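Q: Can you read through this structure? Questions will come right after.
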Amino acid sequence: SSGSSSREDSVSAAAAVVQVQQRRHQQGKVTVKYDRKELRKRLVLEEWIVEQLGQLYGCEEEEMPEVEIDIDDLLDAANEEERALKLQETLVDCYKPTEEFIKELLTRIRGMRKLSPPQKKSI
């Protein structure tokens, strides 16, 4: 009879594995659901920013000075003027005119949402 109990053990172990996989699959769905379109828009925007900064500073990405443009920080700003000011402060050491870049960036982030980390459901 010991043969049947080990078989039951392997069946319940297999069931546990299936449960874990299902749970993992559900978690996967939640993170993917975490607004792909918004992430893609953000990625395109960040690539555009890097390209523009390269032109403004006249150098490759590796040689670029420490310029950090935090999109979420900009979206936190009360209004366009505050956003423009933050950008001007960030680009203060750029010798080329930055007005067009700032205007275009502000246009591009209009209507974007902050990407806050996905909320974990409390159990």
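Q: Just the accessible area for Val92, please: 1.4 Å probe, Å², rounded to the nearest 10?
A: Result for Val92: roughly 120 Å² accessible.
Q: Less than 18 Å apart at the alpha-carbon level, and either on another chain or at least 8 residues along: which aspartates and glutamates does that give for Lys41?
A: Here the aspartates and glutamates satisfying the reach criterion relative to Lys41 are Glu51, Asp70, Asp72, Asp73, Asp76, Glu104.
Q: Got a sec? Charge dipole of the stretch 67-108, +1 on Cβ for Lys and Arg, -1 for Asp and Glu; which of Leu87, Thr98, Leu75 is way out at the positive end?
A: Checking the options against the dipole of the stretch 67-108, the answer is Thr98.
Q: Oh, and also: Counting other Cβ atoms within 10 Å, which GluC sites (Glu not before Pro) in the stretch 37-78 have at most 10 and lie in a DSSP loop?
A: Glu60, Glu66, Glu68
The values are calculated or read from the model by the stated rules, or taken from the named source; none is laboratory data. These numbers come from a predicted model, not from an experiment. Methodologically, a virtual Cβ is constructed for each residue, glycine included, from the backbone with ideal geometry; neighbour enumeration extends over all protein chains shown. The accessibility values were calculated without ligands, DNA or RNA, using every heavy atom of the protein model including side chains. Shrake-Rupley method; radii C 1.70, N 1.55, O 1.52, S 1.80 Å.
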